[in-house]
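Rule-based calculations on the coordinates, nothing more; no lab input. Since we're looking at a predicted model, the values are computed, not measured. Methodologically, a virtual Cβ is constructed for each residue, glycine included, from the backbone with ideal geometry; neighbour enumeration extends over all protein chains shown.
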Amino acid sequence: MAFSFLNTLLLVGTIQGLITSVVLFNLKSHKSADTILSALIFLISLACLNIYLLETIEEASMLWNIIEAIVPLVIIMPIGPLVYFYVKSTLGYPDFKLEKKDRVHFYSTLLDVVPYVAAAIYITGGLLGIFSHKSNAQWANFIQTYQVYVDIPRWLSLTVYLYLTFKIISFHEENRRVKKVLKWTKRFTIGFSIFAAVWLIHLIPYIIPFSSNSLLNLVGWYPIYIPLVIVVYWLGTNGIIISVNTYRKTLNVNGLSHETIKRTMTVLQKVMEEDQLFLDPSLKLNDIVTHTNIKQKTISTVLNQYKGKTFNEFVNGYRIEKFKSRLLKEKFEDLTITGIAFECGFNSQATFQRTFKSITQQSPSEFLQKHSKNTGESYSQI
């Protein structure tokens, strides 16, 4: 009776999670964050669905055994990176987008795919008579053993990315503009940390051969997946509320229409990316007003309330990206690091140093050291 009730919770949580992921994916408030959270909830929901089907479908169903073996419902490795990138896109990174360089964080997903590929080979080989009965037994034993021990790198991945996520949160502790969303990201990360702790308590006896079967017979996977169902409810409710509130803010920022905000941002990005006005060290807000014919109040309001940045922060962001691009793509035998920074629009070494660390979370010397190791080049830091 108790397990029947838990199975019902799994099913309801799965359905709610799948619906929530679709809703989040189609929200317009903060596309990158909503899409990442949607993917996170979707993967958790699929894993819960897998357990529900395992617990409720008769073992004698050959068709289900085949489907369960080759259809990848349990994809866990991306959860850690998705947690990390969701917080990164939500907290202080309003323009964040997953880029090609970020794909490396998801390469570990291959570890989740291995048992499904092995099962497909095993089943196909068995049906075609390619494998002997002994070979089939070896394939089955490999898949079963792999499924047990792959949880170790899965847990480690989640734990490492939670640590990196806490570092991002710590970096923004003093940022008053993200004070409200900071509370949410803290709770979000703590929630997953609690889950990681529960998972570890279950994982230790699970990977020990003599206690694994006893553990599963006693409590099954419920200590892991019931908390996941709770996480799905919690994430879905809060995620949608935050997204809707964000969208409402963008619809009317101090009386500005969504079209005005969008048009202003398009023009500002153009004068920075195409006209590269940020290269002028003496650039002022009035210069942008003259160049674009957009009112100063409109520009300031859009940057402050929609982008969460001051005018100087907005401009310096482009200067830092230009600096990194030039440093990585060109050779400057006769220029110092400060010299390159000045050519990118900075007129103060102190401002450059402070801005660089604020945006990249590392000092120019740390960035330089990392780059020098990769290329073998050296630059003067003075």
**Q.** 14 Å beta-carbon shell around Gln349, net charge (K/R +1, D/E -1)
**A.** +2
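Over 21 Å between Cα atoms, which of Lys262/Lys307; Lys101/Lys322; Lys167/Lys329; Lys309/Lys370; Lys31/Lys101; Lys101/Lys324 qualify?
On the way: Lys262/Lys307 11 Å; Lys101/Lys322 18 Å; Lys167/Lys329 29 Å; Lys309/Lys370 28 Å; Lys31/Lys101 19 Å; Lys101/Lys324 15 Å.
Going by Cα-Cα distance, Lys167/Lys329; Lys309/Lys370 fall outside the 21 Å limit.
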**Q.** Inter-part distance where region 140-215 and region 260-323 are each reduced to a Cα centre, Å
**A.** 40
